[in-house]
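Please read the structure below before turning to the comments.
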Amino acid sequence: MTRSIPIEKALDDCLVAFRMNGEALRPEQGYPVRLVVPGWEGNMWVKWLRRIEVGDQPWQQREETSKYTDLLADGTARRFTWVMDVKSVITSPSPQAPIAHGRGKAVVTGLAWSGNGRIKRVDVSLDGGRNWTTARLDGPSLTKALHRFYLDVDWDGSELLLQSRAIDEAGFVQPTKDALRAARGENSIYHNNGIQTWHVRADGTVENVEVS
């Protein structure tokens with residue numbers, strides 16, 4: 001797993017991390033050391049770091065050419081996609097966190113982030129994107145960091161199509177999957193920040209569905 005990182009980014013805010021939250025990294029986290037590249041996609045955060053080499057050109061390694069390059073509809077290649085696009089996901093309700101108490105008060109909550117800076121706003125839809133309500137953000141929004149959001153709802157037991165849509169301070173808006181395909185074609189699968197949809201059934205169970 002070898003990646004090319006511009007020297008300007010490496011000298012700006014990248015870290016070689018060996019501890020987290022006061023303890024050594026665990027093997028699944030990249031022990032003994034891993035690279036931390038704030039605001040950039042997770043595939044850049046190389047685990048089990050062995051060496052760092054400096055050159056005057058991109059290395060054109062296997063993963064960054066054959067895997068993370070998008071072939072666009074006009075035949076050109078979109079290469080070296082680094083910055084984490086603005087995105088959000090609802091963590092509850094979700095398949096792992098169904099609505100167990102039945103009808104009544106419920107809280108829709110999730111996480112939003114952007115490699116372009118701070119999260120400015122998050123909207124939530126209960127009907128698959130037809131109508132949106134601005135969610136409550138928890139605490140200060142820090143640049144290139146996760147930001148939790150909440151929306152209080154009074155659930156009457158009807159089926160829901162839950163979506164969240166994040167907006168960052170640079171003005172970028174999390175797109176629908178159709179909008180993403182229109183811009184980048186069908187081959188862009190690794191850089192997907194499209195809106196995610198959860199289908200909440202009447203019994204409170206949740207499943208992943210596609211509403212473009």
Report summary line: Among Ala73, Ala77, the single one that is among the aliphatic types (A, V, I, L, M), closer than 30 Å to Glu8 by Cβ and not assigned by TED's automatic domain parsing to the domain that holds Gly204 is Ala77
Report summary line: Flagged in the range 15-44 as among the basic types (Lys, Arg) and within 27 Å of Ile189 (Cα to Cα), in numbering order, are Arg34
Query raised in the report: Which pairs have Cβ atoms under 7 Å, sit 6 or more apart or on different chains, and link a residue in the range 141-154 that is without any contact (Cβ under 8 Å) to a residue 60 or more places away in the chain to one that is in a strand (DSSP E or B) and of a type in the set (Ser, Thr, Tyr)?
Result: Arg148/Thr109; Tyr150/Thr109; Leu151/Thr133
**Report entry** Only one of Gly110, Gly171, Gly204 that is surrounded by fewer than 19 Cβ atoms within 10 Å (Cβ to Cβ), touching a residue at least 40 places away in the same chain (Cβ under 8 Å) and either of a type outside the set (A, V, I, L, M, F, W, C) or outside any strand (DSSP E or B) (or both)
**Finding:** Gly204
Report summary line: Every listed condition ((1) under 22 Å from the mean Cα position of the chain (by Cα); (2) under 21 Å from Arg184 (Cα atoms); (3) of a type in the set (D, E, K, R)) holds for Lys47 save (2)
Query raised in the report: Hey, does the range 49-59 have a residue that's assigned to a strand (DSSP E or B) and outside the structural domain of Arg184 (by TED's automatic domain parsing)?
Result: no
Query raised in the report: Are any of the residues in the range 14-29 under 30 Å from Ala179 (Cα atoms), modelled with pLDDT of 95 or more, not assigned by TED's automatic domain parsing to the domain that holds Asn116 and not in a loop (DSSP other than H, G, I, E, B)?
Result: no
Query raised in the report: Based on what the data block shows, is Gln96 modelled with pLDDT of 90 or more, surrounded by fewer than 16 Cβ atoms within 10 Å (Cβ to Cβ) and within 30 Å of Gln163 (Cα to Cα)?
Result: yes
Report summary line: Checked pairs for the range 119-132, first of a type in the set (Ser, Thr, Tyr), second assigned to a loop (DSSP other than H, G, I, E, B), C-beta under 7 Å and 6 or more apart or across chains, list as Ser125/Asn131; Ser125/Trp132
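The values are calculated or read from the model by the stated rules, or taken from the named source; none is laboratory data. These numbers come from a predicted model, not from an experiment. Note that we place each Cβ from the backbone using ideal geometry, even for glycine, and neighbour counts take in every protein chain shown.
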